[in-house]
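The values are calculated or read from the model by the stated rules, or taken from the named source; none is laboratory data. Since we're looking at a predicted model, the values are computed, not measured. Cβ placement follows ideal geometry from the backbone for every residue including glycine, while neighbour counts extend to all protein chains displayed. These area figures cover heavy atoms from the full protein model, side chains too; ligands, DNA and RNA do not enter into them. Shrake-Rupley method; radii C 1.70, N 1.55, O 1.52, S 1.80 Å.
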Amino acid sequence: MRAVLPAMPEMLDSSVEPATILALLRALLPPSDGPAAADESDEAKEASDAAAIEAGCSLWDMSANPALAQFMCEHGLLALLLRPIAQRAGHSGRLVEVALGCLANVVVDPALCASLGERDEAAALLCGVLLDCADAAVLTELVRLLATALSTSPRHCRGSWLLALRAAPVVRQLSHVVLNSLRPELVQRTAELLAALVYYGGAPLVRALGAQGLLGATLGEGGWVQLHWRASGEELLAMLRLQLALLERWEGAEGTGGAGEGEGGGGEGEGEGEGGPGSGDGDGGDGGGAAAALPAKPSGAALALVPVPSATTPCHASHTLTVLPPPYCASTPYRATPPY
């Protein structure tokens, strides 16, 4: 008998055959002999993962189309992408990067983002990659995925992402990356993630970042923006949005903090933050305790100052106050990138 292929959504690009997508998904199935040994070189792992990487890059491109992304998720894409991430010790960094990049495109759709967030292991697994990975390409796609998931996730699903991302080791690692990475896109994406995290997490996150020294290293005279004024426009914009998110939540972080809405599990409620009531969309803080000391709040004249070289006198710099809209994560799908 002739096999019947699954029906395609009406909005789906007719130039893509269902059989093609299903064949690419099958290429992501685990090999019969299992993943490579953890002690093999990354070059050997990449050679072993070659077929999966090629299929994954095609799926990464297709996932920029919302209808295609939905069709692929209906046929097991999420599980197929999470498997190499969970077994990353036996896979190449390139395959993990491709899987994360594809997921980052998928979660642009709020419904698909909810499907990922409803998987109990997803948030903890992805934060685990952040803590044990030093590959800049992998980290760039990872923080893009986390920022997009946090920003597009429906309110009833956002609590699981906040709970994982507000953990002290995760906050510490994100602060380290944004202040020390030499990769412009990684700095930009991490700043976007931190801005979204502060925006939704509220005062407890400001306190946590204050404990890591990020406030003093970002705001005011001698902050990141003034020290890196030659950075790309995307980096500067992301860092300025982070500044504004920190300042917006600063008032609730000072002193004991003010009462605010929390978002725990499936509904809203009052959330207890670190050292006092929390604010923002969160399932509450980690309980009471001594609040981390905050640095002195910069004066208005010192906020978001960007030295801009003059077109006529490039050797001199003038300071301008850049005004930005409220922080948000620009959820834009990306195409697969060539190997680094």
Could you run through segment 154-201 and say how many residues are polar (S, T, N, Q), modelled with pLDDT under 90 and closer than 19 Å to P110 by Cα? 0
Would you check which residues across segment 166-186 are among the hydroxyl-bearing types (S, T, Y) and open to solvent by less than 10 Å² (accessible area, probe 1.4 Å) and list them? S175
Look at L163 and say whether it is in a helix (DSSP H, G or I) and open to solvent by less than 10 Å² (accessible area, probe 1.4 Å). no
Taking P169, is it free of Cβ contacts under 8 Å to residues at least 60 places away in the same chain and over 21 Å from M62 (Cα atoms)? yes
What are the pairs, 6+ residues apart or on separate chains, where a residue within segment 91-119 that is over 26 Å from A51 (Cβ atoms) has its Cβ under 6 Å from a residue that is assigned to a loop (DSSP other than H, G, I, E, B) and open to solvent by 10 Å² or more (accessible area, probe 1.4 Å)? V108/S331; V108/P333; P110/P154; A114/P154
Give the residues of segment 138-160 that are of a type outside the set (K, R), assigned to a helix (DSSP H, G or I) and over 12 Å from the mean Cα position of the chain (by Cα), sorted by residue number. H156, C157, G159, S160
Residue under question is G101, and the condition is that it be within 22 Å of D42 (Cα to Cα), open to solvent by less than 10 Å² (accessible area, probe 1.4 Å), modelled with pLDDT of 95 or more and of a type outside the set (V, I, T); does it hold? yes
Filtered residues of segment 21-52 (kept if outside any helix (DSSP H, G or I), farther than 14 Å from A99 by Cβ and hydrophobic (A, V, I, L, M, F, W, C)): A36, A37, A38
Across segment 187-204, what is the number of residues that are open to solvent by less than 10 Å² (accessible area, probe 1.4 Å) and either out of contact with any Gly (no Cβ under 6 Å at 6 or more places or on another chain) or on the phi > 0 side of the Ramachandran plot (or both)? 10
Residue list for segment 35-49, filter: over 16 Å from I85 (Cα atoms) and of a type in the set (A, V, I, L, M, F, W, C): A44, A47
Within segment 92-136, can you find the residues that are among the polar types (S, T, N, Q) and in a helix (DSSP H, G or I)? N105, S115
